[in-house]
Amino acid sequence: MDNTRKKLRLGDVLVNSGVISEEQLQKGLELQKGSGRKLGETLVDEGLVTEENITNALSSQLNLDVIDLQNVTISEDILSLVPANILKKYKILPFEYSAESMNILRVAMADPMDMTAMDDITIITNLQVEPVVSTTRSIMLALDKYYGQAEVDSALEEYTREKESQFAEQEDMYSEDVNNSPIVQLVKNMIEQAVRQRSSDIHIEPMERQVRIRYRIDGALYEKATYNIRLLPAMVARIKIIGGMDISEKRKPQDGRITQIVDRHEFDIRVSILPTVYGEKVVMRLTSKNALTREKSQLGLGPADMKKFDHILQNPHGILLVTGPTGSGKSTTLYTALSELNKEDVNIITVEDPVEANIDGINQVQVNPKAELTFASALRSILRQDPDIIMIGEIRDQETASIAVQASITGHLVVSTLHTNSAASTITRLEDMGIDPYLIADSTIGVIAQRLVRRLCPECKKAKKADAEELELLNRAPDEDITIYTPCGCPKCDGTGFHGRIGVYEIMEVTQPLKSIISKNGGAEAIKEKALEEGMRTLRMSATEYVLSGMTSVSEMIKVSFDL
């Protein structure tokens, strides 16, 4: 091993590659002091670099290969060379022998300058180590894939040995050494794996003879594991303890919250427990503390829509409504809009149920029916707090709707959500709630209807010529020659054919002509026609564009705009 690698430090490598400036390095070193984190982790956490930046810089400066472990299949004999706990400790993974010699082991490392890790692997395997650079995320995902199930199995074996009686189980949940108990490890690993696989929810479902574990990834559920039904009581008891619920209550639904740190990011986990025929079903909704607030450019708005969105937000007062079914990204859009408006000279107050993400500089109120703090009563109090901008988590009833309208007419900007299918039907929904049409016309400044479609995996999507049925769906002539893409499945997207989601939007700016149609009690069709005349693009049109550009598939387009 040459000595140059020993002398170089990560900071120097990043500065030499031009990834960060000397000042940013000093800032990173300052923040790292006393935090117990490595420099690379600190720089990534602070948003100064990405894991990919670090990987590429190390690769070019140290002249090492880069590997994406999601595209590699590792053989059994290599997997059995080093114990999993050592690999996890150093965040490294041996993946193949060198082409030159069987005595050289190629090892994926997030930090190829970690001499201790290399020495340990050399001692354990008696082989020379050839470092290859990879991102921490890629290594952790691969470790979960190859060793996750083995860890779970050994935990379960241990659990079965320990559990001779039902009483021992209750004792165990409260015992001093609770952090090392197998069930605790099992629950912790389950959450970690779900986070690394970009899941939004974990479902723990009791069936007659087994417990099924499913993760919701990009909006679809995938089965990830099944365990013996005997494990269910212990798993549920553990989740109840960390979620602050009543461990002895097994017949009523319960809700709780858990905070867990995974790979240095704090996750807020909402837990819901429901008694079913075979036992209690648990659903955990995972949200990262910083996932909801993202850059406006990441929402997936086209240039024309972005212009409209900005124009609506410039209104000093009025109501902006974001609509769509549950899980269509409404909260993300609202939080992004709020972060945009969050300046020192405005007072922003939100009423939510529950508060989904904490934003600095915004006053957030959580609805609490037990303390008689409902959306309506909270709003009345908020109006005495001299707000400029008010966000209402959801308009659920006539009372909330009428206060929102009054607030917007008296000079406040109100943003909120409604569960409707399209932008035009949102107006008629407010009328159904008992709000006078002239008030709706006066107060509404814009409506954004949105859905999420899954993006096709760029690595494996397959091109094909659109057939007659698909051309009809895409609203094209029957004889047009159009290439569309279909999902395929590869290691990169875990065989699903999709990777990530993107927003589809229908933005209706309420202009003067639209206001006059609304105040004359015009129906949803008349409103829609006028809006289209003024250049609104429906959800169907936006989704069609994504299909034609190869971003998503026809089946995804139909899902989001089935009835439109």
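Protection proxy ranking, highest mean first, for peptides 237-247, 480-490: 237-247, 480-490, where packing is the per-residue count of other beta-carbon atoms within 10 Å, averaged. Taking the longest Cα principal axis of the chain as reference, the axis of helix 423-432 is set at about 60 degrees. Projecting the Cα atoms of PRO206, GLN298, CYS488 onto the dipole axis of the chain, where Lys and Arg carry +1 and Asp and Glu carry -1 at the beta carbon, places PRO206 farthest toward the positive end. With Cα atoms defining each centre, segment 130-165 and segment 409-473 are spaced 43 Å apart in the structure. Put simply, the amide H of MET391, placed in the peptide plane, has neighbours under 5 Å in ILE349, THR350, VAL351, VAL415, leaving out anything fewer than 5 places away on its chain.
Applying a threshold of 31 Å to the alpha-carbon distances of LYS330/LYS370; LYS462/LYS528; LYS307/LYS515 flags LYS462/LYS528 as lying beyond it.
Taking Cα centre as origin and charging only the Cβ of basic (Lys, Arg, +1) and acidic (Asp, Glu, -1) residues, the dipole magnitude of segment 486-564 rounds to 100 debye.
Bridges between two residues of the chain, per DSSP, are antiparallel at a rate of about 65%.
Give the angle, between 0 and 90 degrees and rounded to the nearest 10, that separates the Cα long axis of helix 303-313 from the longest principal axis of the Cα atoms of the chain. The angle comes out near 60 degrees.
Angle of helix 115-125 to the longest C-alpha principal axis of the chain, folded into 0 to 90 degrees and rounded to 10: 60°. Given segment 1-142, what whole percent of its Cα pairs are spread farther than 22 Å? Value for segment 1-142: 38 percent of Cα pairs lie more than 22 Å apart. The alpha carbons of segment 194-345 stretch over 57, 31, 30 Å along the principal axes, in descending order.
Taken over the C-alpha atoms, the chain has Rg and Dmax values of 27.0, 84 angstrom. Available extension along the chain between THR410 and SER381 is 8.9 nm, counting 0.36 nm per residue and deducting the alpha carbon span. Under the Karplus relation 6.51 cos²θ - 1.76 cosθ + 1.60, θ = phi - 60°, what is the ordered set of whole-Hz ³J(HN,Hα) values for segment 190-203, x standing for Gly and Pro? Coupling constants for segment 190-203: 4, 5, 4, 5, 4, 5, 5, 8, 6, 6, 9, 9, 10, 10 Hz.
If you take all other residues with their beta carbon under 15 Å from the beta carbon of MET207, and give Lys and Arg +1 and Asp and Glu -1, the sum is +2. Ranked by the mean number of other Cβ atoms within 10 Å per residue, highest first, peptides 127-133, 19-25 order as 127-133, 19-25.
Ellipsoid fit via the Cα gyration tensor, segment 507-548: semi-axes of 24, 9, 6 Å, each the root of five times an eigenvalue, largest first.
Using per-residue counts of other Cβ atoms within 10 Å, averaged over each peptide, order 364-370, 109-115 from highest down. Could you put the intermediate results ahead of the total?
Numbers: 364-370: 13.9, 109-115: 20.0.
With the highest mean Cβ count within 10 Å placed first, the list reads 109-115, 364-370.
Charged side chains reduced to their Cβ positions (Lys and Arg at +1, Asp and Glu at -1) give segment 429-564 a dipole of some 580 debye around its Cα centre. For segment 458-564, the ratio of Cα radius of gyration to the globular rule of thumb 2.2 N^0.38 Å stands at 1.34. Cα centroid separation, segment 492-538 to segment 260-339: 19 Å. Counting only DSSP beta bridges with both residues in segment 327-403, the antiparallel share comes to about 10 percent.
Please tell me which of these pairs span more than 22 angstrom C-alpha to C-alpha: LYS88/LYS188; LYS308/LYS530; LYS224/LYS492; LYS252/LYS281; LYS188/LYS252; LYS38/LYS343? Before the final figure, lay out the partial values.
Working: LYS88/LYS188 15 Å; LYS308/LYS530 16 Å; LYS224/LYS492 17 Å; LYS252/LYS281 11 Å; LYS188/LYS252 25 Å; LYS38/LYS343 33 Å.
LYS188/LYS252; LYS38/LYS343, as the Cα separations exceed 22 Å there.
Rolling a 1.4 Å probe over the heavy atoms of the protein chains gives segment 1-101 an accessible area of 56 Å² per residue.
Taking the Cα centre of the chain as reference, the dipole from Cβ charges on Lys and Arg (+1) and Asp and Glu (-1) amounts to some 400 debye.
Report the gain in length on full extension from ALA84 to LEU373: 0.36 nm times residue separation, minus Cα-Cα distance, nm rounded to one decimal.
Working: separation 289, 0.36 × 289 = 104.04 nm, distance 5.01 nm.
So the chain would gain 99.0 nm between ALA84 and LEU373.
Please name whichever of ILE229, ILE517, ASN347 sits farthest to the positive end of the charge dipole of the chain, dipole taken about the Cα centre and charges placed at Cβ: Lys and Arg +1, Asp and Glu -1. It is ILE517.
Taking all Cα-Cα distances within segment 340-447, those exceeding 19 Å account for 43%.
The values are calculated or read from the model by the stated rules, or taken from the named source; none is laboratory data. A quick note: this is a predicted structure, and the numbers were derived from the prediction, not measured. Note that we place each Cβ from the backbone using ideal geometry, even for glycine, and neighbour counts take in every protein chain shown. For accessibility, only protein heavy atoms count, side chains too; no ligands or nucleic acids. Shrake-Rupley method; radii C 1.70, N 1.55, O 1.52, S 1.80 Å.
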